1. Pairs please, first residue from segment 61-81 and over 17 Å from Gly278 (Cα atoms), second anywhere and assigned to a loop (DSSP other than H, G, I, E, B), Cβ atoms under 7 Å, 6+ apart in sequence or on different chains.
2. Given the criteria of a type in the set (S, T, N, Q), surrounded by 15 or more Cβ atoms within 10 Å (Cβ to Cβ) and out of contact with any His (no Cβ under 6 Å at 6 or more places or on another chain), does Gln173 qualify?
3. In the list Thr87, Thr119, which residue meets the criterion of being among the polar types (S, T, N, Q), over 23 Å from Ala309 (Cβ atoms) and touching a residue at least 60 places away in the same chain (Cβ under 8 Å)?
4. Restricting to segment 287-312, and then to whatever is among the hydrophobic types (A, V, I, L, M, F, W, C) and assigned to a strand (DSSP E or B), can you tell me which residue is farthest from the chain's Cα centre (by Cα)?
5. How many of the residues in segment 219-266 are part of a helix (DSSP H, G or I), in contact with a Lys or Arg (Cβ under 6 Å, 6 or more places away or on another chain) and β-branched (Val, Ile, Thr)?
6. Given the structure, is Leu272 within 22 Å of Arg210 (Cα to Cα), touching a helix residue (DSSP H, G or I) at 6+ places or on another chain (Cβ under 6 Å) and assigned to a loop (DSSP other than H, G, I, E, B)?
7. Name the pairs: first residue in segment 179-208 and within 14 Å of Glu220 (Cβ to Cβ), second residue part of a strand (DSSP E or B) and small (Gly, Ala, Ser), Cβ to Cβ under 7 Å, at least 6 apart or on different chains?
8. Inspect all residues belonging to segment 273-286 and state whether any of them is over 14 Å from the mean Cα position of the chain (by Cα), farther than 17 Å from Ile100 by Cβ and either in contact (Cβ under 8 Å) with a residue 12 or more places away in the chain or crowded, with 20+ Cβ neighbours inside 10 Å (or both).
Amino acid sequence: MVPEPSPEEAAEAEAPSAESRRSWLDKLKAGLRKTGSSITQVFTGTQIDDALYEELEEALLLADTGVKATEFLLKDLKRRVKDAKATEPAVVKTLLADAIAELLAPLEKPLVVGEHTPTVMMVVGVNGAGKTTSIGKLTRHLAEAQQKVLLAAADTFRAAAREQLAIWADRNQVEIVSQEGGDPAAVTFDAVSAGKARECDVVIADTAGRLPTQLHLMEELRKIRRVIAKADSTAPHEVLLVVDGNTGQNALAQVKAFDETLQLTGLIVTKLDGTAKGGVLAAIARERPIPVYFIGVGEKLEDLQTFDAREFAQALLA
């Protein structure tokens, strides 16, 4: 039996984690600076009046918060200001952070692994969103948590995609199922079957990047989803969409299109480093509230972290 650590030992064990999270928050603040600065400038005056709310509305729309989320936030903020009897713009900014955090709260949900063995994840997204890199980073997170991971290179027609995934598999010391020029659905079927036979904890299928308007390719994704279910009747357990946070309202359009085709279970939002369009998470929360499992602010492994609504709202308005 392992003895319980002392309070001092527990605090010491927690220290690196807390420190790394602080480092992450600093990166998140820096990444959202372009989005946040236009919003926070609204609160540099001395009066709370119609002009302030008009400027705020414009700033939120420019941040790609979207019309519906912007209207919701303004109405909610005015209620909070009235209830708090706020008279200082700085206080209104704090109340806005509260409103944004509450709006984003439904998106905050952890990725659960272990309810099924293996947990089968299908990862989709448009070219350039950072899909394969996100899979690599996610694999590292899982491998560090002692999860046995198997990757499926279901983007069979792009050698570069297979090679990139193979590099991540090698770097993370996990197995990969790959086939040159084969049928993507067949490769995925083989991977899920192999994952079951090898008693893997997680199987992650990387699919070809495509635009939602490419109907024949979207149909191929449907086929992959159906074939996964043939290999395991309970799967896929997660259908994750990787979206580029820089694309603003286009990201929301992608979420809607891929969700209608595949019934998404979660999102990974990448490239929130230097974007002026970080408000799109509010638009997603208001119009298609699919859980955001991870957000990314850079290229390093530690730059992909779990999404926390309160952290995001505070970083946005820092």
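The values are calculated or read from the model by the stated rules, or taken from the named source; none is laboratory data. None of these values were measured; they are calculated from a predicted model. Every residue, glycine as well, gets a Cβ built from its backbone with ideal geometry; the counts of neighbours run over all protein chains shown.
1. Val81/Ile48
2. So Gln173 fails the test.
3. Selected residue: Thr119, the only one of Thr87, Thr119 that is among the polar types (S, T, N, Q), over 23 Å from Ala309 (Cβ atoms) and touching a residue at least 60 places away in the same chain (Cβ under 8 Å).
4. Once the filter is applied, the top-ranked residue is Leu304.
5. 1
6. yes
7. Val187/Ala152; Val187/Ala153; Thr188/Ala152; Thr188/Ala205; Ala205/Ala152; Asp206/Ala152; Asp206/Ala153
8. Yes: segment 273-286 contains one or more residues that are over 14 Å from the mean Cα position of the chain (by Cα), farther than 17 Å from Ile100 by Cβ and either in contact (Cβ under 8 Å) with a residue 12 or more places away in the chain or crowded, with 20+ Cβ neighbours inside 10 Å (or both).
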